[in-house]
Every structure is written in C-alpha cells, then in structure tokens.
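**Q** I have a structure I would like to understand better, so I am pasting it below and will then ask my questions one at a time.
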Amino acid sequence: MHCREEIETLYRYLDHELDEGEQTRFELHMRACVDCLRRFYYELHFQTVVVQTLHENEVPPTLVERIRLALHES
Amino acid sequence: MEEPNRDDPEKQTRIAARRQEFENEAFPLMRMLFRTALRLTRNQHDAEDLVQNAVLRAYNFYDKYQPGTSFKAWIFKIMTNIFINDYHKHAKEPPMVPIENQEGFEPNPEKAFFDSVLDGNIRKAIEELPDSYRLTFLLASEGFSYKEIASITGANLGTVMSRLYRARRILQAKLWDTYQEEVHA
Ligand SMILES: [Zn+2]
C-alpha cells in the first residue's frame, strides 16, 4: 500500500460518503492507482461477506408476537 | 380528576389508528433491530429483551418522534441508549487487543481469504470488538450514514470514522490470523 493518504477517501467512497466531485476525483485516481483499486475490491469484498453474515439472523416470531401483545395492552 | 373514559369510542379509534401507524413503521424494522441487538448483547435472551424494551419505549415516546425524519434512526437511537445504559455497564468487556498490534497488519488484496473464513469466525470476531467499535460497525452495516451514526451514538463525525476504521482493521487482522491458523493447521 503506497497510497496511505487515500485510505480515508477510500473508506468514505465505500460508505457512499463522498460528494460528487470527490467521488469523481477518487474514481479517476483508482484508474491510475492499482494499489487503491485493489484495496477497494478487498474492502468491498470484506464488507459484502460481513454484511451477508450479519444479515443471516431472522427475528424470532415469538418475540414479534410478544411485542404486538404488549403494544395492545399498553 | 376525570378518569380516562375507556368507553369513549372516538378516543379508542384514535389510539388504535396511532398504534397501527406505529406498527407500520416499527415492525418492518424488527429483524434489523434484532440482529443488531444480538451482536451487541452477544446472546439471544438479552437481545430479545433489548428489542422489546426499545420498541415499547419508542411506542411510549411516539409523540416525540418528528415526522419526516428517519424513524429507523430514531428507534435505533432509543435501542442504543438502552444498550449503553442498561447492558453496557454490566457487560464484561472482552480483553482489548492493543491497537498498535493491529495497525501493523497490512491487508493482502491478492488473496480473497474472506471466502474461506467461516461465518462463525466472523460473528465471533465482531462480538469481540470493544462495545463502542462494535456499535459503530453494526450501525454502518445496517446502512446508516456517518452523520446518522454520530447522532445515534452521540459521538462526533471524526470519532465515528475512526471507530469504523479501527473496527475494520481489527476484524481484518483477526480474520487473517484465523485463516492463517486454519491453513497451517
Ligand atoms: Zn492510490
């Protein structure tokens, strides 16, 4: 990783936190900088795997029912 | 003092309509609230309690919710506050891995090693994050913006970004270690 100054930009890009100008500038940078491009795919991959894992859990139907009952009693 | 008239049909209708409105907002978020609570409290029982407390408290304070703002952010903030006040202070923090050790880790984009890391290892690594990092990371994983996370957790933007950054680095380093152990086992 030779491009440390861009790491914060990379994260903000990944998190959709850049404004339009910053986004364009960073996309241009990634065309020229293979380090940032690779790092972007690495982080994207990481994020995808983590989100998939976190989103596996279903909410127990008994909990939903208990809450519904409690709301109707209050 | 006048007793509230439970038989007042107009009032009953109003209450029922208001409750229905609340349910329409809150129930679609239940799964999201629960999976976040599960990773925050690290166990099913506390997670169910946390969600139930949060939803009931949100209902009791529903008149404080500002229409037009994000209901999702509002109810997550309520759940976060309950977690911080009621659970966090009783919970034992897992031993904190010094950040310096983690900062030395350089991601290796050549190897798509995450594919081979088991879900259980990912969940465990997340649960071992310090509370403030875990909370920030989980909220980001639910699609909240930095600004929303700042408002939900009461931290400033810079702190949110630094917690998120560190959470990711710690997780990646930990998963990389696990992967190395498994490959060389
Ligand atoms: Zn670069």
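The values are calculated or read from the model by the stated rules, or taken from the named source; none is laboratory data. Predicted model, so just to flag it, every value in this text is computed and none were measured. Note that each Cβ is placed from the backbone with ideal geometry, even for glycine, and that neighbours are counted across all protein chains shown. The area values use the complete protein model at the heavy-atom level, side chains included, leaving out ligands, DNA and RNA. Shrake-Rupley method; radii C 1.70, N 1.55, O 1.52, S 1.80 Å.
**Q** I'd like the projected area of chain A, averaged over all directions, using the convex hull of its alpha carbons. Report it in nm² with one decimal.
**A** The orientation-averaged projected area of the Cα hull of chain A comes to 7.8 nm².
**Q** Another question, if that's okay. Which ³J(HN,Hα) values in Hz, rounded to whole numbers, follow from the phi angles of segment B:54-69 under the Karplus curve 6.51 cos²θ - 1.76 cosθ + 1.60, where θ = phi - 60° and Gly and Pro get x?
**A** Residue by residue, segment B:54-69 yields 5, 5, 5, 5, 4, 5, 5, 9, 4, 5, 8, 6, 8, x, x, 8 Hz.
**Q** Something else now. What FRET efficiency comes out for the pair B:Phe27/B:Gln66, r = Cβ-Cβ distance, R0 = 30 Å, nearest 0.05?
**A** Plugging the Cβ-Cβ distance into 1/(1 + (r/R0)^6) gives 0.90.
**Q** Here's another thing I want to ask about it. Quick check on my link table: of B:Lys11/B:Lys77; B:Lys64/B:Lys147; B:Lys72/B:Lys124; B:Lys72/B:Lys174, which ones sit more than 28 Å apart, alpha carbon to alpha carbon?
**A** B:Lys11/B:Lys77; B:Lys72/B:Lys174
**Q** What residues does segment B:18-64 have that are buried by at least 40 Å² of accessible area in the full protein assembly compared to the chain on its own, 1.4 angstrom probe?
**A** B:Arg19, B:Glu23, B:Phe27, B:Met30, B:Arg31, B:Phe34, B:Arg35, B:Glu48, B:Gln52, B:Leu56
**Q** Okay, moving on. Ballpark to the nearest 100 Å², how much total accessible area do A and B bury together, probe 1.4 Å? It would help to have the intermediate numbers written out before the result.
**A** Values: alone 6430 and 11720 Å², together 14280 Å².
Accessible area lost upon association: around 3900 Å².
**Q** With a 1.4 Å probe and all protein chains left in place, how much accessible area per residue does segment A:20-59 have, in Å²?
**A** For segment A:20-59, the solvent-accessible area averages 58 Å² per residue.
**Q** Follow-up. Indicate the helices, whole DSSP H runs only, in chain A that combine a mean Kyte-Doolittle hydropathy of -0.5 or more with a Cα extent along their long axis of 27 angstrom or more.
**A** Both cut-offs are met by A:34-54.
**Q** In addition: Report, to the nearest whole %, how much of the accessible area of segment B:9-87 belongs to carbon and sulfur atoms, 1.4 Å probe, protein only.
**A** Numbers: 1930 of 3890 Å².
It is 50 percent, rounded to a whole number.
**Q** Could you give the nm distance between label points at B:Asp119 and B:Ser145, where each point is 7 Å from its Cα heading toward the beta carbon?
**A** 3.2 nm
**Q** When the accessible area of each residue in segment A:11-31 is compared between its chain alone and the complete protein assembly (1.4 Å probe; ligands, DNA and RNA ignored), which residues differ by at least 10 Å², being lower in the assembly?
**A** A:Tyr11, A:Arg12, A:Asp15, A:Glu17
**Q** Starting at the first residue of segment B:29-38, write each ³J(HN,Hα) from the Karplus equation 6.51 cos²θ - 1.76 cosθ + 1.60 with θ = phi - 60°, in whole Hz, x for Gly and Pro.
**A** Residue by residue, segment B:29-38 yields 8, 4, 5, 5, 5, 5, 5, 5, 4, 4 Hz.
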